[in-house]
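Throughout, read-outs are computed from the coordinates displayed, never taken from laboratory work. What you see is a predicted model, and the numbers here were worked out from it, not measured in a lab. Please note: Cβ atoms are built from the backbone with ideal geometry, for glycine as well, and neighbour counts cover all protein chains shown.
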Amino acid sequence: MSEPGGAKVHGSAVRIGQHGVLIRGASGAGKSRLAFDLILAGRAGQIAPTVLIGDDRVWLQPRQGQLMVRPVHELAGLIEIRGLGIRRCDFVTEAEISLLVDLSAPDAARLPSEEALIANIFGVLVPRIPVAPGFSGLSLVIAALTTTEAVVSTHTTGDCLKGIGNHINHTIVS
């Protein structure tokens, strides 16, 4: 089922601060679990306050160069918590996707390629985290939200005693 310019997709989404996070993966990969873990991390102050957008299925739509996500009407405010069943919780009706998390991603790697860290959805480029099978992704999402990208420098400095040029220069991710 879809409307012009968008589609209903299998996935979960949360809004962390003002940033939407879309979580994709096969059935049983842990989408609902990661969404709820992120909500708990927001409540604990590890990340910005986090609210559910949708669980299991969400509506994606490109709009003016951005990728927007909304809950599907019939599931709005519902989340599955394994061991407790379907529960109601606070939710928001829309957010711009700032990050995509692909659970059980076949291209997950310890040091992923630059190409693996970007996804093209409806012509909108979105930063992506490919998560290896068996990992929840929580620490990766928190790291992506709370750290900046580093670039390895081959330039040695006078204070480098080993002279092997393994210093890290930090850059701000925009």
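Relative contact order for region 14-106: what is it in percent, counting Cα pairs under 8 Å that are at least 6 residues apart?
37 percent
Report, to one decimal in Å, the Kirkwood hydrodynamic radius for region 7-146 based on all distinct Cα pairs.
14.8 Å
Between Glu94 and Asn120, how many nm apart are label points set 7 Å from Cα along the C-beta direction?
For the pair Glu94/Asn120, the computed spacing is 2.6 nm.
Principal axis lengths of region 30-102 from Cα atoms, whole Å, largest first?
Principal-axis extents of the Cα atoms in region 30-102, largest first: 39, 30, 22 Å.
Could you list Arg70, Arg110 in order of exposure, starting from the residue whose Cβ has the fewest other Cβ atoms within 10 Å?
Least to most surrounded, the residues fall as Arg110, Arg70.
Ranked by Cβ crowding within 10 angstrom, fewest neighbours first, how are His73, His19 ordered?
If I rank by nearby Cβ atoms, fewest first, I get His73, His19.
List Ser104, Ser27 from most exposed to least, where exposure is judged by having the fewest other Cβ atoms within 10 Å.
The most exposed by this proxy come first: Ser27, Ser104.
Just to be sure I understand the model, the point goes 7 Å from the Cα along the line to the Cβ. What's the resulting Ile86 to Ser139 distance in nm?
Roughly 3.4 nm, to one decimal.
Please report, in cubic angstrom per residue, the volume enclosed by the convex hull of the alpha-carbon atoms of region 2-47.
77 Å³
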